[in-house]
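**Q** If you scroll down you'll find the structure; I have some questions about it.
The values are calculated or read from the model by the stated rules, or taken from the named source; none is laboratory data. In this text, all values refer to a predicted model and were calculated from it rather than measured experimentally. Every residue, glycine among them, receives a Cβ derived from its backbone with ideal geometry; neighbour counts consider all protein chains shown.
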Amino acid sequence: MIFISFPDNVDWMSSNRKIFVLTAGYGEGHNTAAKNVQKAIETLGDAEVQVFDLFDICYGRWNKLATKAYLTAINRTPAIWQKFYQMLHETTLVERTLFSMSKMRGLLAKMIEEQKPDAIVSTYPVYSFLLESIFPGEAQRSFVHTTIVTDSITINSVWHRARSDYFIVPNDETAKVMLREGIPGHKVKNLGFPVTSRFSNPEAVRPAPSDQAGRKVLFMINFGKREAPILLARLVQIPNIHVTVTVGRDAALHTRIAEVAAQANRKVEIFGWTDRMPELLMSHHLLISKAGGATVQESTAAKTPMIISQVVPGQEEGNARLLTENECGRVAESHEEIAATVEEAFADDGRLWRKWHTNITRLSRPGAALDIAKFVLDTTEK
């Protein structure tokens, strides 16, 4: 038997509004969106909100193995992952395999029956199918269901094949895609991607790159760890730039990065796991990283142009298109392409960088989490 722990200091039966936020650890964007929506709703008050990863709660060790397999697939066998992603888009594979999630379905049904939430917000599409199996067809629901779409432009049909009262999308391009797929216009809400409110800091003023202000490049290593020291060795050959590297919790990678910097006799700032990513993004002029959903949206919120070093076929293609089609950055997958793009961005008094920065500023929506929280709360007004 599975027990859900609700906070001891919350009287769910007397609270004005109760909100569940459902997420899953398959990709960075889902958990990021869930956490930031929760914080935004709590900031506005007048509601109790909790985040649940029912995959982890119900399947524990097996779920951890599945998430590890997912990360391995997208990073090491992207062609195979692309075929699977396309299969999810074109077939009813999710619907036909819901029986394998019976434990999760049962728990979700019990949570709804016992706690009677006023709203359910999901940042992972499978929950829409589970809710539809609990409340089939047009069955009456006692809650408002809102789906937060964490991808851009290349939207897999799993996001909208199952019923949801509203779909929150991160940008206008994605809204147009949803409308073309037949989603009624009143259900599609272009409110942005819920990034942390720290991106709204009015004091985070970054001067344009120059000899006085410096030319700062943030290299976020979240794939290709074997190749990363080689790329850094090429980057530190570029004069008049300051490179900051994030390595996560990989101590061995930290050591290799430090060795490259020492051999080149260049000062490189190295961060392990850090909760300062918003500040790092807002203080640097360029980001080098893969086209992950949360990464691209946080780069946009920070108004930091991006050099995309990897694009996972299918799910990340739209994220890359968002930046390249709006001329906010460039895809450059080889070491030489990346280094050449850094040099070009800062050349001629940063002419290309200034163009990218102007364009990404137009896309930036650092207050999206609060806008989404206000919308969710508005839908639950009694």
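**Q** Within segment 270-289, how many residues turn out to be without any contact (Cβ under 8 Å) to a residue 40 or more places away in the chain and in a strand (DSSP E or B)?
**A** 2
**Q** To continue, here is another question. Count, please, the residues in segment 317-328 that happen to be in contact with a helix residue (DSSP H, G or I) (Cβ under 9 Å, 6 or more places away or on another chain) and free of Cβ contacts under 8 Å to residues at least 40 places away in the same chain.
**A** Residues that pass the stated criteria total 5.
**Q** Considering only residues that are in contact with a Phe, Trp or Tyr (Cβ under 8 Å, 6 or more places away or on another chain) and either among the basic types (Lys, Arg) or assigned to a strand (DSSP E or B) (or both), look in segment 178-195 and name the one that is nearest to VAL296 (Cα to Cα).
**A** Pass one, segment 178-195, residues in contact with a Phe, Trp or Tyr (Cβ under 8 Å, 6 or more places away or on another chain): 178, 183, 187-189, 191.
This time we only want the ones that are either among the basic types (Lys, Arg) or assigned to a strand (DSSP E or B) (or both), so: 187-189.
On the way: LYS187: 25, VAL188: 21, LYS189: 20 Å.
Checking each candidate, the answer is LYS189.
**Q** Run down GLU333, GLU327 and say which single residue is outside the structural domain of ILE80 (by TED's automatic domain parsing), at pLDDT below 95, of a type outside the set (Val, Ile, Thr) and in a loop (DSSP other than H, G, I, E, B).
**A** Working: GLU327 fails: at pLDDT below 95.
On inspection, the qualifying residue turns out to be GLU333.
**Q** I'm trying to understand the selection: among the residues of segment 66-84, which are of a type in the set (D, E, K, R) and modelled with pLDDT under 85?
**A** ARG76 - this is the single residue of segment 66-84 that is of a type in the set (D, E, K, R) and modelled with pLDDT under 85.
**Q** Only residues that are farther than 27 Å from PRO239 by Cβ and surrounded by 23 or more Cβ atoms within 10 Å (Cβ to Cβ): list them for segment 264-302, please.
**A** ALA291, GLY292, GLY293, THR295, VAL296, GLN297, GLU298, THR300, ALA301
**Q** Restricted to segment 225-238, and to residues that are of a type outside the set (A, V, I, L, M) and surrounded by 15 or more Cβ atoms within 10 Å (Cβ to Cβ), which residue is nearest to ALA340 (Cα to Cα)? Working first, answer last.
**A** Within segment 225-238, the first condition is being of a type outside the set (A, V, I, L, M), and the residues that meet it are 225-227, 229, 234, 237.
Okay, now just the ones that are also surrounded by 15 or more Cβ atoms within 10 Å (Cβ to Cβ), so 225, 229, 234.
Numbers: LYS225: 21, PRO229: 17, ARG234: 10 Å.
This residue is ARG234.
**Q** Taking LEU71 as the residue in question, decide whether it is aliphatic (A, V, I, L, M) and farther than 19 Å from ALA294 by Cβ.
**A** Values: aliphatic (A, V, I, L, M): yes; farther than 19 Å from ALA294 by Cβ: no.
No; evaluated as a whole, the condition is false for this residue.
**Q** For ARG249, state whether it is part of a loop (DSSP other than H, G, I, E, B), of a type outside the set (Gly, Ala, Ser) and buried (at least 16 other Cβ atoms within 10 Å of the Cβ).
**A** Against the criterion (part of a loop (DSSP other than H, G, I, E, B), of a type outside the set (Gly, Ala, Ser) and buried (at least 16 other Cβ atoms within 10 Å of the Cβ)), ARG249 does not qualify.
**Q** Taking the condition of being out of contact with any strand residue (DSSP E or B) (no Cβ under 6 Å at 6 or more places or on another chain), in a strand (DSSP E or B) and surrounded by 22 or more Cβ atoms within 10 Å (Cβ to Cβ), how many residues in segment 207-224 meet it?
**A** Result for segment 207-224: 0.
**Q** Among the residues of segment 42-49, is any farther than 30 Å from ARG226 by Cα, at pLDDT 95 or above and touching a helix residue (DSSP H, G or I) at 6+ places or on another chain (Cβ under 6 Å)?
**A** Yes - at least one qualifying residue is present in segment 42-49.
**Q** To continue, here is another question. Can you spot a residue in segment 196-205 that is part of a loop (DSSP other than H, G, I, E, B), surrounded by fewer than 19 Cβ atoms within 10 Å (Cβ to Cβ) and hydrophobic (A, V, I, L, M, F, W, C)?
**A** Yes: segment 196-205 contains one or more residues that are part of a loop (DSSP other than H, G, I, E, B), surrounded by fewer than 19 Cβ atoms within 10 Å (Cβ to Cβ) and hydrophobic (A, V, I, L, M, F, W, C).
**Q** For the structure I just gave you, tell me whether ALA33 is within 30 Å of ALA373 (Cβ to Cβ), within 16 Å of the chain's Cα centre (by Cα) and either modelled with pLDDT under 95 or not in a helix (DSSP H, G or I) (or both). So that I can check it myself, show each step before the final result.
**A** Working: within 30 Å of ALA373 (Cβ to Cβ): yes; within 16 Å of the chain's Cα centre (by Cα): yes; either modelled with pLDDT under 95 or not in a helix (DSSP H, G or I) (or both): no.
Considered against the rule, which asks whether it is within 30 Å of ALA373 (Cβ to Cβ), within 16 Å of the chain's Cα centre (by Cα) and either modelled with pLDDT under 95 or not in a helix (DSSP H, G or I) (or both), ALA33 comes out as no.
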